[in-house]
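The values are calculated or read from the model by the stated rules, or taken from the named source; none is laboratory data. Quick caveat: nothing in here was measured; it's all calculated off a predicted structure. Counting neighbours? That spans all protein chains shown, and the Cβs are built from the backbone with ideal geometry, glycine included.
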Amino acid sequence: MTTLDTKTSPSIPPQLKVGMLGCGNMGRAIAEGWLARGALSADQLLISARSTAADTAAALGARAMSPQRLLEEADLIILGFKPQQLTAIRESLSGLTLSDAARPRLFVSLLAGLELRAVEQGLALPKELEAEWVRLMPNLPARRSLGATLAFTESLSAEHRAALCPLLEAMGLCEWLGSEALFDVGTAISGCGPAYMFMMIEALADAGVSMGLPRVTAQRLAAQTMIGSGAMALDEHPGVLKDRVTSPGGVTIQGLRSLERSGLRSALIEAVVEAAERSQAMRDG
């Protein structure tokens with residue numbers, strides 16, 4: 001059975017500190033993946049997350065601290081709060097003074113629907129702060145080091161890229177986009193996609209149960225089939241792979257015929273299009 005991949009991955013330099021300014025479900029998921037893969041150690045992780053900072057830090061073995069203290073100590077700052085909390089975060093950082101503002105810092109935004117320029121302007125950090133900015137959109141499987149993460153930056157120094165890469169590798173696959181405008185459709189595929197996959201796994205398992213399979217067996221079969229198929233589709237076109245499973249007059253082609261008749265392909269296309277349009281509307285509105 002496939003479980004969390006805990007093999008060691010490259011790690012960030014030991015002197016660097018990663019601060020999580022906000023640590024909700026996604027932030028905690030990727031932090032757990034980093035720690036499990038050894039991409040960083042617990043004493044390199046700093047947490048500032050309103051009412052949950054102490055509990056989250058204790059669970060991860062990290063240190064909890066105020067937002068201002070975090071910006072003082074951290075080299076990589078993960079912005080993991082909700083987009084609607086941007087104003088509150090800016091207010092919590094008002095009057096911020098840093099003893100070493102010239103030390104380069106990397107800000108990594110996980111804020112869905114907000115472009116980097118809007119985040120940078122919204123935080124209104126001191127002008128003397130030397131900073132670079134990266135936007136990421138990870139998905140939930142990053143917790144198992146099986147994620148699909150979108151990434152964009154206008155510029156990134158070799159030093160910051162080298163520091164960030166071990167964290168990205170520990171999350172799974174990372175796709176760097178050439179335009180930030182592509183985040184809406186990318187989010188509709190990989191960000192929302194786990195929900196689509198979970199629904200399909202649940203439906204396949206329900207079908208198995210209806211035909212007599214034990215629930216746990218049906219769910220394991222469906223989930224592992226999804227994992228294996230996805231892994232193969234990373235290397236070959238899914239249409240070619242589909243044809244290898246489909247024998248003339250066989251069982252699989254009848255199942256595919258039913259799916260086509262029911263509009264599965266069209267339903268998935270429409271799900272992505274509508275999710276992307278919703279993401280764009282939230283960004284523009």
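Tell me the residue from 257, 283 that is basic (Lys, Arg) and loosely packed, with under 13 Cβ neighbours inside 10 Å, please. Give the steps one after another, and end with the answer.
Values: 283 fails: loosely packed, with under 13 Cβ neighbours inside 10 Å.
None of the others qualify; the one that does is 257.
May I ask you to say which residue of 39, 31, 88 is part of a helix (DSSP H, G or I), under 21 Å from residue 165 (Cα atoms) and either in contact (Cβ under 8 Å) with a residue 40 or more places away in the chain or not assigned by TED's automatic domain parsing to the domain that holds residue 217 (or both)? Break it down stepwise before answering.
Details: 39 fails: part of a helix (DSSP H, G or I); 88 fails: under 21 Å from residue 165 (Cα atoms).
One residue alone meets the criteria, 31.
Within the range 136-163, work out how many residues are under 16 Å from the mean Cα position of the chain (by Cα) and farther than 19 Å from residue 115 by Cβ.
So the count comes out to 10.
Given 129, 111, which one is assigned to a loop (DSSP other than H, G, I, E, B), crowded, with 19+ Cβ neighbours inside 10 Å, modelled with pLDDT under 95 and not small (Gly, Ala, Ser)?
Details: 129 fails: crowded, with 19+ Cβ neighbours inside 10 Å.
None of the other options fit; the residue is 111.
Could you check, for the range 154-162, whether at least one of its residues is small (Gly, Ala, Ser), surrounded by fewer than 21 Cβ atoms within 10 Å (Cβ to Cβ) and in a strand (DSSP E or B)? Break it down into steps so the answer makes sense when it comes.
Step one: list which residues in the range 154-162 are small (Gly, Ala, Ser), which gives 155, 157-158, 162.
Those left that are additionally surrounded by fewer than 21 Cβ atoms within 10 Å (Cβ to Cβ): 155, 157-158, 162.
If we keep only those that are in a strand (DSSP E or B) as well, we get none.
Within the range 154-162, not a single residue is small (Gly, Ala, Ser), surrounded by fewer than 21 Cβ atoms within 10 Å (Cβ to Cβ) and in a strand (DSSP E or B).
For the range 101-108, does any single residue satisfy the condition of being among the hydrophobic types (A, V, I, L, M, F, W, C), under 29 Å from residue 158 (Cβ atoms), surrounded by fewer than 19 Cβ atoms within 10 Å (Cβ to Cβ) and in the same structural domain as residue 127 (by TED's automatic domain parsing)? Walk me through it before giving the result.
Step one: of the range 101-108, the residues among the hydrophobic types (A, V, I, L, M, F, W, C) are 101-102, 106-108.
Then drop every residue that is not under 29 Å from residue 158 (Cβ atoms), which leaves 101-102, 106-108.
Next, from what is left, pick out any that are surrounded by fewer than 19 Cβ atoms within 10 Å (Cβ to Cβ): 101-102.
Right, trim to in the same structural domain as residue 127 (by TED's automatic domain parsing) and you get 101-102.
Checking the range 101-108: at least one residue is among the hydrophobic types (A, V, I, L, M, F, W, C), under 29 Å from residue 158 (Cβ atoms), surrounded by fewer than 19 Cβ atoms within 10 Å (Cβ to Cβ) and in the same structural domain as residue 127 (by TED's automatic domain parsing).
Conditions (1) outside any loop (DSSP other than H, G, I, E, B); (2) among the small types (Gly, Ala, Ser); (3) exposed (fewer than 13 other Cβ atoms within 10 Å of the Cβ); (4) modelled with pLDDT of 90 or more, marked per residue:
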position	(1), (2), (3), (4)
1	no, no, yes, no
9	no, yes, no, no
27	yes, yes, no, no
35	yes, no, no, yes
43	yes, no, yes, yes
57	yes, yes, no, yes
78	yes, no, no, yes
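Taking the range 59-76 only, how many residues are in a loop (DSSP other than H, G, I, E, B) and either under 18 Å from residue 107 (Cα atoms) or under 21 Å from the mean Cα position of the chain (by Cα) (or both)?
Taking the range 59-76 first, the residues in a loop (DSSP other than H, G, I, E, B) are 61-62, 65-66, 74-75.
Next, only the ones that are either under 18 Å from residue 107 (Cα atoms) or under 21 Å from the mean Cα position of the chain (by Cα) (or both) stay: 62, 65-66, 74-75.
Result for the range 59-76: 5.
Under 9 Å between Cβ atoms, at least 6 apart or on separate chains: pull out the pairs that start in the range 59-77 with a residue that is more than 20 Å from residue 25 (Cα to Cα) and of a type outside the set (Ser, Thr, Tyr) and end on any residue that is at pLDDT below 90 and in a helix (DSSP H, G or I).
68/92
Among all residue pairs at least 6 apart or on different chains, which show Cβ distances below 8 Å where the first residue, located in the range 138-153, is within 19 Å of residue 81 (Cα to Cα) and the second is among the polar types (S, T, N, Q) and in a loop (DSSP other than H, G, I, E, B)?
Close Cβ pairs satisfying both conditions: 149/139; 152/179.
Have a look at 124, 148, 88 and point out the one that is over 27 Å from residue 14 (Cα atoms), touching a helix residue (DSSP H, G or I) at 6+ places or on another chain (Cβ under 6 Å) and among the aliphatic types (A, V, I, L, M). It would help to see each step written out before you state the result.
On the way: 148 fails: over 27 Å from residue 14 (Cα atoms); 88 fails: touching a helix residue (DSSP H, G or I) at 6+ places or on another chain (Cβ under 6 Å).
Answer to the check: 124.
Scan 44, 84 and give me the residue that is farther than 25 Å from residue 168 by Cα and under 21 Å from the mean Cα position of the chain (by Cα).
Working: 44 fails: farther than 25 Å from residue 168 by Cα.
That would be 84, the only listed residue that is farther than 25 Å from residue 168 by Cα and under 21 Å from the mean Cα position of the chain (by Cα).
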